[in-house]
1. Given the structure, is residue 104 part of a helix (DSSP H, G or I) and either exposed (fewer than 11 other Cβ atoms within 10 Å of the Cβ) or modelled with pLDDT under 95 (or both)?
2. Could you list, in sequence order, all residues of segment 1-59 that are more than 13 Å from residue 73 (Cα to Cα), in a strand (DSSP E or B) and not small (Gly, Ala, Ser)?
3. Can you work out which of the residues in segment 63-91 that are over 15 Å from the mean Cα position of the chain (by Cα) and not in a helix (DSSP H, G or I) is modelled with the lowest pLDDT?
4. Taking the conditions exactly as written (within 16 Å of residue 5 (Cα to Cα), at pLDDT below 95, buried (at least 16 other Cβ atoms within 10 Å of the Cβ) and of a type in the set (A, V, I, L, M)), does residue 27 satisfy them or not?
5. Considering only residues that are surrounded by 17 or more Cβ atoms within 10 Å (Cβ to Cβ) and not polar (S, T, N, Q), which ones fall in segment 1-24?
Amino acid sequence: MSFAEPKLIQVAIQFNSSYCGMVLNAIALPSSCHCLGLAREGRVILASENQAIFWGDCILAVALNSAIAPELYFTLKKTHPVLWTSFRSPLPSDEKYLSNEDFLVQLCCKD
């Protein structure tokens, strides 16, 4: 008999998340943890649909043992430095960043 209860974890994906552009099932999770799906624009996308993760999504996962929940949350919140993510995820919709190329020119080619 197990005394540990499952714990649902939900993590909003930031634009500098390590998981932007990855398929949900490709995330390496702690033992006894599973991804259930994504919440996107008011609907749930199951993990079995192999959808890519985008900025603004919310990952839904479960830790079968509540003692592992903090490790699962920490894993799903993993981020990269902000400048690195411009290659993998869309930048916030702001008129000054028309495309990733414009962003890189501004970053690398300063007068």
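1. yes
2. Those that are more than 13 Å from residue 73 (Cα to Cα), in a strand (DSSP E or B) and not small (Gly, Ala, Ser): 23, 36, 38, 40, 43, 44, 45, 46.
3. Going through the qualifying residues, I end up with 83.
4. Against the criterion (within 16 Å of residue 5 (Cα to Cα), at pLDDT below 95, buried (at least 16 other Cβ atoms within 10 Å of the Cβ) and of a type in the set (A, V, I, L, M)), residue 27 does not qualify.
5. 7, 9, 11, 13, 15, 19, 20, 24
The values are calculated or read from the model by the stated rules, or taken from the named source; none is laboratory data. Predicted model only: the values in this text are computed from it and were never measured. Virtual Cβ from ideal backbone geometry, glycine too; neighbours counted across all protein chains shown.
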